[in-house]
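Visitor: Got a structure for you, questions after.
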Amino acid sequence: EPYELCCLVETYPAKHDNYWDFQRTLKFAYLYAKIVTLMPTHWREVNDVIKRNRRIGTSQSGIQEAILKFGRKKYLDEFCDRAYDYVTYLDKKYSEWMGIPNSIKRTSVKPSGTVSIVAGSLPGIHFAESDSYFRLIRVAANSAMVPILMQAGYKVEPAVSDPIRTVVVYFPVLHEVGTISKTSVSIWEQFANAVDLQEFWADNQVSITISFQKHEKDQIARALSCFDRKLKGVSLLPLEDHG
């Protein structure tokens, strides 16, 4: 809604041993997001919307890692469907205690990015870029980190766009055996993942960018037609090396 903020918090089901371990994390993740809605901003219009909707987004990342670890059925049944009921129960209880409305939306699958990288997890619902690759990070050339990284053996080179003030550091990434990369999945599997997470977990729109290869271009319209009643929205991007 106009003037509304997104009060998001991220969880990582694959980092847990079982559902009950994850459920305890969900409690504190939910409370964090809900408490953020109690904090006023400097805009009256924003405060009015937040107080009315109490919209939050208890999100999941590393979803493909969780499916790999627990199996698709168990992940959807327990870490999504059952977990959703638990978050709904928490919202009803704590909203009553705090004397505020229930949140109109409680769960999401957000895009993620830096947050999931820091947690050592795949972002959101997306597959790995590849089995192994270099993640390139731009760093100020005069940063105290640069000589430390060079001494540690990381490849460091001047940035093409700003060779005087910026360097690029190469960080190797190696995923565990069995991790599926986005080059080996079809658009149909990606659409199915989005539909399942929208059905079993996410109140808010599932954030997903479906990667398609050249030979799949003529299937996009059919896929959109097949799933148009089960998704709020979806983005597509050609899978190419240049990024």
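The values are calculated or read from the model by the stated rules, or taken from the named source; none is laboratory data. Keep in mind it's a predicted model, so treat the numbers as computed, not measured. Don't worry about glycine lacking a Cβ; one is built from the backbone with ideal geometry, like all the others, and counts go over all protein chains shown. Surface areas here come from the heavy atoms of the whole protein model, side chains and all, with no ligands, DNA or RNA. Shrake-Rupley method; radii C 1.70, N 1.55, O 1.52, S 1.80 Å.
Visitor: Among the numbered criteria (1) open to solvent by 20 Å² or more (accessible area, probe 1.4 Å); (2) of a type outside the set (Ser, Thr, Tyr); (3) out of contact with any Lys or Arg (no Cβ under 8 Å at 6 or more places or on another chain), which single criterion is violated by Ile187?
Guide: Only one criterion in (1) open to solvent by 20 Å² or more (accessible area, probe 1.4 Å); (2) of a type outside the set (Ser, Thr, Tyr); (3) out of contact with any Lys or Arg (no Cβ under 8 Å at 6 or more places or on another chain) is unmet by Ile187, namely (1).
Visitor: Among the residues in segment 146-156, are any under 30 Å from Glu1 (Cα atoms), touching a residue at least 12 places away in the same chain (Cβ under 8 Å) and touching a Leu at 6+ places or on another chain (Cβ under 7 Å)?
Guide: no
Visitor: Just name the residue that is most open to solvent (accessible area, probe 1.4 Å) out of those in segment 108-148 that are touching a helix residue (DSSP H, G or I) at 6+ places or on another chain (Cβ under 7 Å) and either within 11 Å of Val169 (Cα to Cα) or among the acidic types (Asp, Glu) (or both).
Guide: Glu129
Visitor: Filter segment 53-73 for residues that are open to solvent by 10 Å² or more (accessible area, probe 1.4 Å) and either under 18 Å from the mean Cα position of the chain (by Cα) or among the hydrophobic types (A, V, I, L, M, F, W, C) (or both); which is nearest to Tyr30 (Cα to Cα)?
Guide: Looking at the filtered set, the residue picked out is Arg55.
Visitor: Of the conditions (1) farther than 24 Å from Lys15 by Cβ; (2) open to solvent by 30 Å² or more (accessible area, probe 1.4 Å); (3) of a type outside the set (A, V, I, L, M, F, W, C); (4) assigned to a loop (DSSP other than H, G, I, E, B), Ser103 clears all except one; give me its number.
Guide: (2)
Visitor: Follow-up. Would you check if Asp91 is touching a Phe, Trp or Tyr at 6+ places or on another chain (Cβ under 9 Å), at pLDDT 95 or above, open to solvent by less than 10 Å² (accessible area, probe 1.4 Å) and charged (D, E, K, R)?
Guide: yes
Visitor: A further question follows. Quick check on segment 5-20: of everything there that is open to solvent by 40 Å² or more (accessible area, probe 1.4 Å) and in a loop (DSSP other than H, G, I, E, B), which residue is modelled with the lowest pLDDT?
Guide: Within segment 5-20, the subset open to solvent by 40 Å² or more (accessible area, probe 1.4 Å) is 5-6, 8, 15, 17-18, 20.
Remaining after also requiring in a loop (DSSP other than H, G, I, E, B): 5-6, 17-18.
Numbers: Leu5: 91, Cys6: 84, Asp17: 97, Asn18: 97.
By that ranking, first place goes to Cys6.
Visitor: Does Asn142 count as free of Cβ contacts under 8 Å to residues at least 60 places away in the same chain, among the polar types (S, T, N, Q) and touching an Asp or Glu at 6+ places or on another chain (Cβ under 9 Å)? Even if it seems obvious, please write down each step before you answer.
Guide: On the way: free of Cβ contacts under 8 Å to residues at least 60 places away in the same chain: yes; among the polar types (S, T, N, Q): yes; touching an Asp or Glu at 6+ places or on another chain (Cβ under 9 Å): no.
Here the answer is no, as Asn142 does not meet what is asked.
Visitor: Check off (1) over 27 Å from Arg135 (Cα atoms); (2) in contact with a helix residue (DSSP H, G or I) (Cβ under 6 Å, 6 or more places away or on another chain); (3) surrounded by 15 or more Cβ atoms within 10 Å (Cβ to Cβ) for Phe212 and give me the number that stays unchecked.
Guide: (1)
Visitor: Of all residues in segment 108-151, which are in contact with a Phe, Trp or Tyr (Cβ under 7 Å, 6 or more places away or on another chain) and either in a loop (DSSP other than H, G, I, E, B) or of a type in the set (D, E, K, R) (or both)?
Guide: Ala119, Ser121, Arg135
Visitor: Within segment 216-232, is there a residue that is part of a strand (DSSP E or B), farther than 15 Å from Leu122 by Cβ and not acidic (Asp, Glu)?
Guide: Within segment 216-232, not a single residue is part of a strand (DSSP E or B), farther than 15 Å from Leu122 by Cβ and not acidic (Asp, Glu).
Visitor: Taking segment 21-33 as the region of interest, how many residues are open to solvent by less than 40 Å² (accessible area, probe 1.4 Å) and either touching a Ser or Thr at 6+ places or on another chain (Cβ under 7 Å) or under 20 Å from Leu76 (Cβ atoms) (or both)?
Guide: Of the residues in that region, 6 qualify.
Visitor: So, Glu78, is that one touching a helix residue (DSSP H, G or I) at 6+ places or on another chain (Cβ under 7 Å), of a type outside the set (Lys, Arg), surrounded by 19 or more Cβ atoms within 10 Å (Cβ to Cβ) and under 30 Å from His175 (Cβ atoms) or not?
Guide: Numbers: touching a helix residue (DSSP H, G or I) at 6+ places or on another chain (Cβ under 7 Å): yes; of a type outside the set (Lys, Arg): yes; surrounded by 19 or more Cβ atoms within 10 Å (Cβ to Cβ): no; under 30 Å from His175 (Cβ atoms): yes.
No, not satisfied.
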